[in-house]
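Participant: Got a structure for you, written out below as structure tokens; questions coming shortly.
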There are 2 protein chains.
Amino acid sequence: MATTRPEPELPTPPGRKPRRTAPPRQPLTQEFIVDTAIRVLDAEGLEAVTMRRVAQELGTGPASLYAHVSGKEELRELMLDRVAAEIRLPVPDPERWQEQLHELASEIRRVFTSHRDIAMVSMGMVPTGPHLLDVAEAQLALMRAGGVPKEIAGIAVDTLGMFLDAGAIEDTIHLTKAPPGADPWEYFQKYIGEVRAYFNALPPDRYPVVSGMVDELIAMDGEQRFEFGLGLLVRGIASYVEDEERPG
Amino acid sequence: MATTRPEPELPTPPGRKPRRTAPPRQPLTQEFIVDTAIRVLDAEGLEAVTMRRVAQELGTGPASLYAHVSGKEELRELMLDRVAAEIRLPVPDPERWQEQLHELASEIRRVFTSHRDIAMVSMGMVPTGPHLLDVAEAQLALMRAGGVPKEIAGIAVDTLGMFLDAGAIEDTIHLTKAPPGADPWEYFQKYIGEVRAYFNALPPDRYPVVSGMVDELIAMDGEQRFEFGLGLLVRGIASYVEDEERPG
DNA sequence: CATCTCCGAAGAACGGTGTTCGTTGCTTAC
DNA sequence: GTAAGCAACGAACACCGTTCTTCGGAGATG
């Protein structure tokens, strides 16, 4: 065929678009797309992860992504599962199941908050990705090893997930709202100061209790709030253990 | 100025748009805007509450809203506070503070879930609206009347709020995803069926615990899950009461 | 009563968003 | 050598929040 004969480099004829000069693009992959999306997430937050933004980062157009990903929703779930793969899972030790469950929850929180507001994707989602299922399996294994009944463990893993998601979102939501130029932490501190001033200016006759404990309401370090709620949940779950035969 | 002379009613010149024939528009109000926004929310969910949609519902353009509302964020917060006004608040009875706290939480959940996914607005937000403050005041008053220390109550009201928001979101998020034509509940049931099938098809050698309790994981009626977690939290908060002097 | 000044209402536009359609051009299988 | 399949892509569609600018009517002022 003459059409496939290796013709020498002719100049592009006049009036004809160059079509495509040199596309030595490394081929697009779902994995590579997710990698890039997470890079954008870590740098600028979940809101910045748009189809166009990811495509631009890959040097292409948004339409090219739809060959490897059904849409934005699937991309976000793939990102979440990739992040979930970073969570270090424990080997169940029945003697220490409460501590292990507490540690695992802290580890989940650590990984989630280290990727901005990725927890927003998890909220209200059934874990179907392989790594998310690994995490759920680990939580359930710990509880079952500790003697928590099936029915309780089934509800508890859901409650725990809700608590983890909500906590991670609350922690990152303020930092994400900071303008792109400024230091997020400094911005957050300024915001807290405004909240304190607002609460102090409230009419004490309408809000007597709130007005009397402004300091206690503001002194809400995210880590402390998390530990408090997590302790409540873990102890509450433990209260459902059927045979309480401790060694001692 | 001749341009401002009150000319008699001339017929509109040919080729000239009528400008505005009879604009007996009832004047736009922040309250009326919020009313309309909530009507859209109840009918089509929070996602449908856009500036354009609300303006269209009012028979005007999106720009007109910005005279009474600083932007979408403020509109959403105003909507939330309006919804919070529907929450019936208890008169504290120190003898029954735990039951009252439980009942108040259930009431909050009832009102929130009755307005689709309005809870998404509350997530990660500091309650500053008057009615939201009323609710916080009521929660704190109950706990303080029950003898919960200030520091604990300050954290607990936040944890409780997180739990309420997350629960309401989880309950409504699936219903909101239903296509506009179909019955949301039927759609949700079909989804649950798919989830069960997916879980049953998981490889048992990788997910032994999950595979062994599919029924317990699926049997998650929203109300039951809520009652379970709420009981955990309320009992946990009560365990911090300093002087446990019950009458009896 | 005439005039001026303000201010709410609104049209148009800007720069973004997710997604779809139709085409192109390469690679592979026949 | 030819045909088919398919990833890549440009363009477009229908939206979004917000801002700019103008317009017109109502109240204040003389």
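The values are calculated or read from the model by the stated rules, or taken from the named source; none is laboratory data. As the structure is a prediction and not an experimental result, all values here were calculated from the model. All Cβ positions, glycine included, derive from the backbone under ideal geometry; neighbour counts span all protein chains shown. All accessible areas refer to the heavy atoms of the entire protein, side chains included, with ligands and DNA or RNA removed. Shrake-Rupley method; radii C 1.70, N 1.55, O 1.52, S 1.80 Å.
Participant: Could you tell me what % of all Cα pairs in region A:163-248 have separations over 23 Å?
Facilitator: 48 percent
Participant: Okay, moving on. Work out, step by step, the length gained on full extension between B:Glu31 and B:Asp93: first 0.36 nm times the residue separation, then minus their alpha carbon distance; give nm to one decimal.
Facilitator: So the extension gain works out to 18.9 nm.
Participant: Another question about this same structure. Sorted by accessible area with a 1.4 angstrom probe, largest first, how do A:Arg109, A:Arg39 fall?
Facilitator: On the way: A:Arg109 15, A:Arg39 125 Å².
The residues order as A:Arg39, A:Arg109, largest area first.
Participant: Work out Dmax and Rg for region B:96-145 from the C-alpha atoms and quote the Rg first, both in angstrom.
Facilitator: Values for region B:96-145 (Cα only, Rg and Dmax): 11.6, 33 Å.
Participant: Hey, for B:Glu186 with labels 7 Å out along Cα-Cβ, what do the inter-copy distances come to in nm, ordered shortest first?
Facilitator: Here the equivalent label points are 5.8 nm apart from this one.
Participant: Another one. Around A:Ala84, with a cut-off of 14 angstrom between Cβ atoms, what is the net charge of the other residues, counting Lys and Arg +1 and Asp and Glu -1?
Facilitator: With Lys, Arg at +1 and Asp, Glu at -1, the net is -2.
Participant: I'd like the mean, over residues of A:120-131, of how many other protein chain beta carbons sit within 10 Å of each residue's own Cβ.
Facilitator: 4
Participant: If one takes the accessible area of chain B alone plus chain A alone and subtracts that of the pair, with a 1.4 Å probe, what total in Å², rounded to the nearest 100, results?
Facilitator: 5000 Å²
Participant: If you line up the long axis of helix A:222-238 against the longest principal axis of chain A, both from Cα atoms, how many degrees apart are they, to the nearest 10?
Facilitator: 70 degrees
Participant: Hey, with R₀ at 41 Å, roughly what FRET efficiency would A:Glu47 and B:Ser211 work out to, going by the Cβ-Cβ distance, to 0.05?
Facilitator: FRET efficiency, A:Glu47 to B:Ser211: 0.65.
Participant: With only alpha-carbon pairs counted, each pair once and no self-pairs, how large is the Kirkwood hydrodynamic radius of chain B in angstroms?
Facilitator: After inverting the mean inverse Cα-Cα distance, the result is 22.0 Å.
Participant: Let me ask you something else. Suppose R0 equals 30 Å; then what is the FRET efficiency for A:Ala197 and A:Glu227 from their Cβ-Cβ distance, rounded to the nearest 0.05?
Facilitator: Details: r = 28 Å, r/R0 = 0.93.
Efficiency, from the Cβ-Cβ distance: 0.60.
Participant: Calculate the mean, over all residues of peptide A:158-164, of how many other protein chain Cβ atoms lie within 10 angstrom of the residue's Cβ. Present the calculation step by step, with values, prior to reporting the outcome.
Facilitator: Numbers: counts 8, 11, 1, 2, 10, 7, 1.
Across A:158-164, the average partner-chain Cβ count within 10 Å equals 6.
Participant: Something else about it: Taking each label point as 7 Å beyond Cα in the direction of the beta carbon, state the distances from B:Gly71 to the same residue in the other copies, shortest first, in nm.
Facilitator: 2.7
Participant: Rounded to a whole number of µm²/s, how large is the Stokes-Einstein D of region B:118-186 at 37 °C and 0.692 mPa s, given Rh as the Kirkwood radius over C-alpha pairs?
Facilitator: Estimated diffusion coefficient is 236 µm²/s.
Participant: Over the residues of region A:40-133, compute the C-alpha Rg and express it relative to 2.2 N^0.38 Å.
Facilitator: Output field value: 1.29.
Participant: Separate question: Can you list the residues, at least 5 places off or on another chain, whose amide H is less than 5 Å from the amide H of A:Tyr207, using H built in the peptide plane?
Facilitator: none
Participant: Could you do me a favour and compute the accessible area per residue for region B:27-84, 1.4 Å probe, result in Å²? Working shown, then result.
Facilitator: Values: 2810 Å² over 58 residues.
Normalised by residue count, the accessible surface of region B:27-84 is 48 Å².
Participant: A follow-up question, please. Over region A:170-236, what percent of the accessible surface lies on carbon and sulfur atoms, probe 1.4 Å?
Facilitator: About 58 percent, which is the carbon plus sulfur part of the accessible surface.
Participant: What's the minimum Cβ distance from chain B to the axis relating it to A, in whole Å, and which residue gives it?
Facilitator: B:Ala166, 2
Participant: Also, I was wondering about something else. Please state the equivalent ellipsoid semi-axes for region B:27-84: what are the square roots of 5 times the Cα gyration tensor eigenvalues, largest first, in whole Å?
Facilitator: Working: eigenvalues 47, 33, 20 Å².
Largest first, region B:27-84 gives 15, 13, 10 Å.
Participant: Follow-up. Report, in whole Å, the centroid distance computed from the Cα atoms of region A:39-75 and region B:35-110.
Facilitator: With region A:39-75 and region B:35-110 each reduced to a Cα centre, they are spaced 33 Å.
Participant: Which order do B:Trp97, B:Trp185 take by accessible area at a 1.4 Å probe, largest first? Mind showing how you got there, number by number?
Facilitator: Numbers: B:Trp97 20, B:Trp185 150 Å².
I get B:Trp185, B:Trp97, largest accessible area first.
Participant: What is the sum of charges, Lys and Arg at +1 and Asp and Glu at -1, for the other residues whose Cβ falls under 12 Å from the Cβ of A:Tyr207?
Facilitator: Cβ neighbours under 12 Å give a net charge of -2.
Participant: What do you get for the angle between helix B:184-200 and the principal long axis of chain B? Use alpha-carbon atoms, 0 to 90 degrees, nearest ten.
Facilitator: Between helix and principal axis, roughly 40 degrees.
Participant: Would you kindly give the portion of the calculated P(r) for region B:149-197 that falls above 18 Å, as a percent of all Cα pairs?
Facilitator: On the way: 594 of 1176 pairs.
Considering region B:149-197, 51 percent of its Cα-Cα pairs are separated by more than 18 Å.
Participant: Assigning unit charges at the beta carbon (Lys, Arg +1; Asp, Glu -1) and nothing else, what dipole magnitude in debye, to the nearest 20, does chain B show about its Cα centre?
Facilitator: The calculation lands at about 1600 debye.
Participant: Using alpha carbon coordinates only, what is the Rg to Rh ratio of the protein assembly as shown, with Rh defined as the Kirkwood radius?
Facilitator: For the protein assembly as shown, the value is 1.06.
Participant: Of all the accessible heavy-atom surface of region A:26-84, with the other protein chains kept in place and a 1.4 Å probe, what percent is carbon and sulfur? Mind dumping the intermediate values first?
Facilitator: Numbers: 1410 of 2950 Å².
Ligands and nucleic acids excluded, carbon and sulfur give 48 percent.
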